[in-house]
Amino acid sequence: MSRFNDTLLLANVSRRGILKGMAAGSALLLAARWDLSWANEQAQFGAGAMPGGWVDDPNVFIHINTDGIVTFINNRAEMGQGIRTSLAMVAADELGADWEQVRAQQANADQEKYGNQNTDGSRSMRHWYDPIRRAAAAARMMLEQAAANQWGVPVHEVQAEVHKVVHPASGRELGFGELANAASEREVPNREALVLKPDSALRFIGKESGLINGDVKSAHPKAIDGEDIVTGKAVFGADVDLEGTLYAVIARPPVYGAKVKSVDDSDALNVTGVNRVLRIEGTDQPGAFNPLGGVAVVASNTWAAMEGRRALKIEWDLEAAGDNANYTTDAYRKALEEAAQSPGKVIRQSGDVDKALEEAATRVSATYYMPHMAQAPMEPPVAVVRITEGKAEAWAPIQNPRATREGIAAALGIDQENVTVHQTLLGGGFGRKSKPDFVTEAARVAQHFEGQPIKLQWSREDDIQHAYFHAVSVDHLDAGLDSGGNATSWRHRTLSPSITSLFAPDPEHKAEFELGMGFNTMPFNIPSIRLENPPAPAHVRIGWFRSVYNLPHAWAIQSFAHEMAVAAGKDHRDYVLELLGPDRQVHNLTVGDGWNYGEDPDLHPIDIARMRRVIERATDEAGWGRETSSGRGLGLAFHHSFVSYTAVVFDAEVSDEGEVTIHRADIAFDCGPQANPERIRSQMEGSVVMGIGVALQSEVTFKDGVAQQSNFDSYLIPRMPNAPKVLRVHLIDNPNDAMGGVGEPGFPPVAPALCNAIYAATGKRIRRLPVGNQLS
Amino acid sequence: MINLTINGQQHELDIPDNMPLLWAIRDVVGMKGTKFGCGIAQCGACTVHLNGVATRSCVTPVSAATGEITTIEGMADDPVGKKVQQAWLDLGVAQCGYCQGGQIMNATALLKRTPEPETQAIVDEMAGNLCRCGTYNRILAAIERVSTEEASS
Ligand code: FES
Ligand code: FES
């Protein structure tokens, strides 16, 4: 609430007035947007506010060889979102490069040189689109200048075409490769002197290609890593192959905070191939990104290490874990549900909610539960570290190279200068690989093997039992409706352990950035609103999972809005459009959100018209209102997150045995300007499928502090039969708003949309996830 | 000594009989295309062909791996495997790509056995291959693309 004050509000409103004026004249639009985002980058928002900030030096990102090969240096983690392809395409388009001659090379961890490298928050494209275009434009102008000099003509007479510079007056031309050396000696033009290509000259940016809802109308520019992936040549973390590698696994404490009391390693050391057994120190809570500690087994291959671990006899000191050793999710859920009955810390308030609830003609109340989940990227955590003469070198699939470097340096007590981190491809991340604990573990083992590479492999059991778990959550909502079914009041209490408990004594309340994920930014136009956050302590490591707290907030709010529509006897779509109210822009500060995903609320307010448009698009495409056979129904949900807008409609059928078949899913998405629509579609498809797992299957429970699931036979994620039979992605053409995120915002509304469809099909309301066998 | 024939090449390895084929391929032979995802035959990331049959190498002891082993690295030399790889590229199937070697191995084994499978048969056959990125709709479309080409050729 501290940031919600009048002075700040006034200042922002008046500034926004100016900006709007600038954007209004359409001829000025491009220039105005350009200036705005640039200003934005220098302010306390966006890329400029990130550690390491942004860099737009062409010499950092674009290398042109004399043979014409253009190498784009990619500074963001590739984890399936396609950023190596999409950012390289942005560069190639602005530069004028022939896509066949473009390669990508992964930057090492070095934020001083490459700018921010922390790949999370769905930020890569929205923070790097402008700097990379500028870098490429500068490189193109350097090539043009080099050609003009060589020909002795004024630079305005020459122009870059695809992979060459031409002088139309004389018909001369020189290839990028032929100009590479001369161009590299040119000064980098000033930012003010840069001229970007007009939209009409672009070949890739914003262009649809590849598979679009079942059809291929035109080939897509080939994916940078596509060929390597289908031939088995792509190098993920575990595929790094260094001479003399030893393989390690670690037996970790079963409870967060427990320690090794004693270990008998005699049987382990008898396993063929086992070389050594080592104690790994854990750290005290809060554990941050530090190793959990335990016992490492080092062997000549991964399997021997795993067999050796199986043969260890370890006694754990559970007392060190304190309260965590009593953590049982069933009891915890009940405790939170009870706590949700009493008021909590007030986060946002307008009107007199209690009075309005009392006076309501109809009152709707519901409590929703979302369990812990593990990110479970298909590639479990793994890292290779080699330490030689006080210098460490690491190869790992990590989302956060900077934190990885810091973690290794701190663990070894050496300077960061002496730590080199190579980033491999990630076999999925979803937030798990933002935490480099597994790389630090490898460094702790490698300390004992001077000059020898240690490959530390997590098993799937390790991954699921020692995840940084998605926070468990209880959301309780009450709404009052008048006699016409219109909402007069909305009270929402959210209870969930905070990620900040990883880094500081447990605050037991959600932080501003956690509340800002769809809780206080709830967009409904209701006269009386009170949002509260009662306490919820953490007993395991809580961490980011794709879209983070948007998941429980969207699931509760979108389920509840449907319950209100049902209580009012109104069509769900009509009802939520009314709840949203008239088209308008809700400034984040007016709802107490001073975070806004790090973006300037003047450029990225909560835009009700954009929300409405995705709802209309998804429902229209899905044939909302059509008759379905019995046992089958349509369900809708929508959400605003990572400054983008998503709506989802499911057509689902539930059999008498409680089996869910998904006939169709329609997802409409608005992220403003689209850099690479082909990969945006693939992210939306993936979000729908993963979200189906959140709704139907995925749950980690704890008993006495121990995770009860361990592999894909007990921690269930979607398989091909769970996917929608028909999956349609509808991208909203909206090049004029500021660019939003893509990797995460498709995900939050999926689970509630499916649960709403299940209600439409069966009349059974799901209030506890996953659905599991609740329908049978 | 264990003898393995991988993509037509002989390997004589000094390893225990019960070592899973996956780790022999990855850590001992040093071929990295075959992936570890679960170790208990739940995900299919480790799928290879053993005498043409899609096999989970993580639960196959090397002693049982007698005959021809083909891995993802050998698929480009297989006429059906090559078409499958091309369909994967044309449709932009992969996201992170970690599961896709196993998906391609499983799909190729299916298409070699049944060149024009029914949709439901594909879904059933591919149910053992997990993709956390959620690329199932594109995987299905790519398999059907190869099967349609088969039908029209
Ligand atoms: S690793 Fe073999 S099936 Fe998962
Ligand atoms: S593409 Fe990432 S797991 Fe399948």
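The values are calculated or read from the model by the stated rules, or taken from the named source; none is laboratory data. Since the structure is predicted, the reported quantities are computational estimates derived from the model, not experimental observations. Every residue, glycine as well, gets a Cβ built from its backbone with ideal geometry; the counts of neighbours run over all protein chains shown. Heavy atoms of the whole protein, side chains included, go into the accessibility calculation; ligands, DNA and RNA do not. Shrake-Rupley method; radii C 1.70, N 1.55, O 1.52, S 1.80 Å.
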Unique match (being of a type in the set (A, V, I, L, M, F, W, C) and more than 24 Å from the chain's Cα centre (by Cα)) among A:712, A:747, A:702:
A:702
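Residue-wise test of (1) in contact with a helix residue (DSSP H, G or I) (Cβ under 7 Å, 6 or more places away or on another chain); (2) more than 30 Å from residue A:122 (Cβ to Cβ); (3) within 16 Å of ligand 2 (Cβ to nearest atom); (4) of a type in the set (A, V, I, L, M).
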site	(1), (2), (3), (4)
A:325	yes, yes, no, yes
A:335	no, yes, no, yes
A:361	no, yes, no, yes
A:382	yes, no, yes, yes
A:389	no, yes, no, no
In region A:682-695, anything touching a strand residue (DSSP E or B) at 6+ places or on another chain (Cβ under 6 Å), within 20 Å of residue A:640 (Cβ to Cβ) and not β-branched (Val, Ile, Thr) is listed as A:684
Tally time: how many residues in region B:72-106 are away from ligand 1 (no atom under 16 Å from the Cβ) and either part of a helix (DSSP H, G or I) or out of contact with any helix residue (DSSP H, G or I) (no Cβ under 8 Å at 6 or more places or on another chain) (or both)?
17
Residue identified as free of Cβ contacts under 8 Å to residues at least 60 places away in the same chain and of a type in the set (Gly, Ala, Ser) among A:743, A:763
A:763
Condition check: away from ligand 2 (no atom under 16 Å from the Cβ) and open to solvent by less than 10 Å² (accessible area, probe 1.4 Å). Does residue B:84 satisfy that?
no
Of all residues making up region A:519-549, the number that are touching a Ser or Thr at 6+ places or on another chain (Cβ under 6 Å), closer than 16 Å to residue A:561 by Cα and surrounded by 24 or more Cβ atoms within 10 Å (Cβ to Cβ):
1
For a quick check of your reading of the model, give me the residue pairs whose first member lies in region B:136-149 and is within 10 Å of another protein chain (Cβ to nearest Cβ), whose second is open to solvent by less than 30 Å² (accessible area, probe 1.4 Å) and among the hydroxyl-bearing types (Ser, Thr, Tyr), with beta-carbon atoms closer than 9 Å and at least 6 apart or on different chains.
B:138/A:682
What's the number of the only condition in (1) more than 30 Å from residue A:45 (Cβ to Cβ); (2) out of contact with any Gly (no Cβ under 8 Å at 6 or more places or on another chain); (3) surrounded by fewer than 24 Cβ atoms within 10 Å (Cβ to Cβ) that residue A:774 fails to meet?
(2)
Got a sec? Which of A:143, A:87 is over 26 Å from residue A:673 (Cα atoms) and not assigned by TED's automatic domain parsing to the domain that holds residue A:419?
A:143
Restricting to region B:107-135, give me the number of residues that are within 14 Å of ligand 2 (Cβ to nearest atom) and either facing chain A (nearest Cβ under 10 Å) or open to solvent by 10 Å² or more (accessible area, probe 1.4 Å) (or both).
9
What is the residue count in region B:107-153 for residues that are more than 16 Å from ligand 1 (Cβ to nearest atom) and part of a loop (DSSP other than H, G, I, E, B)?
8
Subset of region A:671-718, residues facing another protein chain (nearest Cβ under 8 Å), in a loop (DSSP other than H, G, I, E, B) and of a type in the set (A, V, I, L, M, F, W, C), comes to A:712, A:717
Determine which single condition residue B:11 fails, assuming it passes every other condition in (1) within 10 Å of another protein chain (Cβ to nearest Cβ); (2) not in a helix (DSSP H, G or I).
(1)
State whether the residues of region A:191-206 include one that is away from every other protein chain (no Cβ under 14 Å), over 25 Å from residue A:76 (Cβ atoms), touching a helix residue (DSSP H, G or I) at 6+ places or on another chain (Cβ under 7 Å) and of a type in the set (D, E, K, R).
no
Within region A:434-518, considering only strands (runs of 3 or more DSSP E) that don't extend past its boundaries, which have at least 1 residues that are surrounded by fewer than 22 Cβ atoms within 10 Å (Cβ to Cβ) and in contact with a Gly (Cβ under 8 Å, 6 or more places away or on another chain)?
A:487-495
Any idea which of A:326, A:400 is more than 16 Å from ligand 1 (Cβ to nearest atom), open to solvent by 50 Å² or more (accessible area, probe 1.4 Å) and more than 14 Å from every other protein chain (Cβ to nearest Cβ)?
A:326
Residue A:292 versus (1) part of a loop (DSSP other than H, G, I, E, B); (2) at pLDDT 95 or above; (3) in contact with a Leu (Cβ under 9 Å, 6 or more places away or on another chain): which is the lone unmet condition?
(3)
Quick check on residue B:3: is it in a strand (DSSP E or B) and either within 16 Å of ligand 2 (Cβ to nearest atom) or open to solvent by 20 Å² or more (accessible area, probe 1.4 Å) (or both)?
yes
Tell me whether region B:5-14 contains one or more residues that are over 14 Å from the mean Cα position of the chain (by Cα) and among the acidic types (Asp, Glu).
yes
If we only count strands (runs of 3 or more DSSP E) wholly inside region A:83-172, which ones have 1 or more residues that are touching a Ser or Thr at 6+ places or on another chain (Cβ under 6 Å)?
A:102-106
Residue B:102 - would you say it is surrounded by 22 or more Cβ atoms within 10 Å (Cβ to Cβ) and within 14 Å of ligand 2 (Cβ to nearest atom)?
yes
Subset of region A:98-129 (residues that are out of contact with any Phe, Trp or Tyr (no Cβ under 7 Å at 6 or more places or on another chain) and aliphatic (A, V, I, L, M)):
A:109, A:125
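Residues checked against (1) more than 9 Å from chain A (Cβ to nearest Cβ); (2) free of Cβ contacts under 8 Å to residues at least 40 places away in the same chain; (3) of a type in the set (A, V, I, L, M, F, W, C):
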residue: B:20; (1), (2), (3): no, no, no
residue: B:31; (1), (2), (3): no, no, yes
residue: B:39; (1), (2), (3): no, yes, no
residue: B:42; (1), (2), (3): no, no, no
residue: B:45; (1), (2), (3): no, no, yes
Strands (runs of 3 or more DSSP E) wholly in region B:24-70 with at least 1 residues that are closer than 18 Å to residue B:10 by Cβ and open to solvent by 20 Å² or more (accessible area, probe 1.4 Å) - which ones?
B:47-50, B:68-70
If a residue has to be within 17 Å of residue A:97 (Cβ to Cβ), open to solvent by 50 Å² or more (accessible area, probe 1.4 Å) and without any contact (Cβ under 8 Å) to a residue 24 or more places away in the chain to count, how many in region A:174-208 make the cut?
0
For region A:18-27, does any single residue satisfy the condition of being modelled with pLDDT of 95 or more, open to solvent by 40 Å² or more (accessible area, probe 1.4 Å) and not in a strand (DSSP E or B)?
no
